[in-house]
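Below is one structure; the comments refer to it alone.
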Amino acid sequence: MACDVCGNLLDVVYDWDRLDVPETLRFFEQKWSRRWDPLCFSGIWRFIDLLPFAPREAVVTIGEGQTLLLPSPRVAEFVGLSGGQLHLQFEGMNPSGSFKDNGMSAAFTHARSIGAKRAACASTGNTSASLALYCAATGLMRAIIFVGSGKISYGKLSQALDHGALTVQIAGDFDDAMQRVKEVTSQLGIYLVNSVNPFRLEGQKTIMYRVLEALRWEVPDWIVVPGGNLGNSSAFGKAFAELRQLGLIDRLPRLAVINAAGASTLYELYERRGLRWNGGAVDDELIQQYYDQLDAEHRRASTIASAIEINRPVNLKKCLRALDVCDGVVRQVTDQQILDAKAQVGAGGLGCEPASAASVAGIKQLRQEGVIGAGDRVVAILTGHQLKDPTATIAYHTTDQDTFDEVLGSRGVKRASFANRAIAVANDLDEIIKAIQLYS
Ligand code: F0G
């Protein structure tokens, strides 16, 4: 997955002049009437003309990408945007409940074309759930997943187990698991599906195509996405750079990548230490200095948003390129901000896991700073489903102080301002009726 010469990640580059490229994005609308064709039904492959790395007959799809972009007036009010200006791209609707299926379908397409029999990943939970599902659904490969022991939520772990993945729990965190899976896959010749795999990013570009499609091909002012391993943000930047190159859009959105404060490598390097893409000549020394400092101080990533609990994002450089293309900004938000935003997303009618809510918390912060304007049209990516991490949700809404302290207090969360607390009532009709009259 890395270049033999420079050691950097590989990138998929198309020779567009030799390809049949649509003249307008409206070309893709004709696919809507052909939903019986899996390549038109899939939210990834109906855009195959924009990720033409495989012939049509090689495509692996399980019907992923049936996702929605919904306006959310309630969450707009919470973050300080004019009603109708905030749209939530709900990737939790994918078959495994997160955006990862976009990339997994693309990686499987490539893996099958080279005859891979085993596939592996390190994961904070969603990549592993997606890999396990695709292996089970297609029967093409055996899934081997590496997770940090105690580092992934139960929803995600249960998916990997239920779908039959060989689950390797490493005594360490995601960064350790990532290091190990790279060593193991290269030694054993196992196909690696982490987002170091450039085909994953090709699939994830389509999230942006679906956003544009839902906005009738109008480019929004902002795309806001949580940052973990930085595959999504990298893919989004590539998608927009290519669309511009092809003359299919005439302006670019700005990109905001939101780190959790306990896992804020990108924020630290980009906003505080001035690391930039710099035409591809990224200052490796600056990055190494920061990693050395983390090691010297024994600092590990730590956030309730376990999906993005990552200190060494493998796509760091590609993300710098995306930030360069889309005039990007990076922010960090605390676990308190994340959980309050998550509760607002839930109350507004969509459920997401903590990491996803970082995008909403980030928008609120950028509005307060005046970086995002009140009238800007903003799209937040809700990367994973609410049911992925019930522990965090229950702890936020609980009446039990011990549960709150154990799960959230330990992470600096002090309040649950938007908690919806269950009421305890005796098993007695009068008492139940009294309670309902009192609270509703
Ligand atoms: N949101 C969710 C729900 C995720 O699962 C992840 C990453 C991210 C955001 C961050 O996206 O890595 O593209 O910056 N989860 C990976 C995993 C690391 O193993 O499931 P990114």
- Query: Working out 0.36 nm times the residue gap between Val12 and Arg74, then minus their Cα-Cα distance, what length gain in nm do you get to one decimal?
  - Reply: 18.4 nm
- Item | Bridge type composition, the chain - antiparallel percent by DSSP, nearest 5 | 20 percent
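Calculate, in nm to one decimal, what Cys3 and Arg272 gain on full extension: separation in residues at 0.36 nm each, minus their alpha carbon distance. Don't skip to the answer; put the middle values down first.
Working: separation 269, 0.36 × 269 = 96.84 nm, distance 2.91 nm.
Going from the current span to full extension adds 93.9 nm.
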- Length gained, Thr24-Tyr154, 0.36 nm per residue minus C-alpha separation, equals 42.4 nm
- Quick one: check the C-alpha center-to-center distance for region 362-393 versus region 130-148, whole angstrom. 30 Å
- Contact order relative to length for region 80-153, counting C-alpha pairs under 8 Å separated by 6 or more residues, stands in percent at 28 percent
- Item | Spatially proximal lysines relative to Lys31 (Cα-Cα < 22 Å; intrachain offsets below 8 disregarded) | Lys205
- Item | Tensor-based shape of region 1-82 (alpha-carbon gyration tensor, a/c under 1.5 rounded, otherwise prolate or oblate) | oblate
- Task: Take the alpha carbon gyration tensor of region 45-85, find the square roots of its eigenvalues, order them as a ≥ b ≥ c, and report rounded if a/c is under 1.5; if not, report prolate when a/b exceeds b/c, else oblate.
- Result: prolate
- Message: Can you give me the angle between helix 316-325 and the longest principal axis of the chain, using Cα atoms only, in degrees from 0 to 90, rounded to the nearest 10?
- Response: 90 degrees
- Message: What do you get for the angle between helix 429-439 and the principal long axis of the chain? Use alpha-carbon atoms, 0 to 90 degrees, nearest ten.
- Response: 70 degrees
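Could you tell me the relative contact order of region 216-317? Use alpha-carbon pairs under 8 Å, at least six residues apart, and round to a whole percent. Present the calculation step by step, with values, prior to reporting the outcome.
Values: 110 pairs, mean separation 37.6, N = 102.
Answer for region 216-317 is 37 percent.
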- Message: Quick check on the chain: take the gyration tensor over C-alpha atoms, sort the square-rooted eigenvalues as a ≥ b ≥ c, and tell me if it's rounded (a/c under 1.5), prolate or oblate.
- Response: rounded
- Can you tell me which of 313-319, 288-294 comes out highest on packing, and rank the rest after it, using the mean Cβ neighbours within 10 Å? 313-319, 288-294
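Coordinate-derived values only; no laboratory data. Bear in mind the structure is a predicted one, so any value in this text is a computation, not a measurement. Glycine gets a Cβ as well: all are built from the backbone with ideal geometry, and neighbour counts include every protein chain shown.
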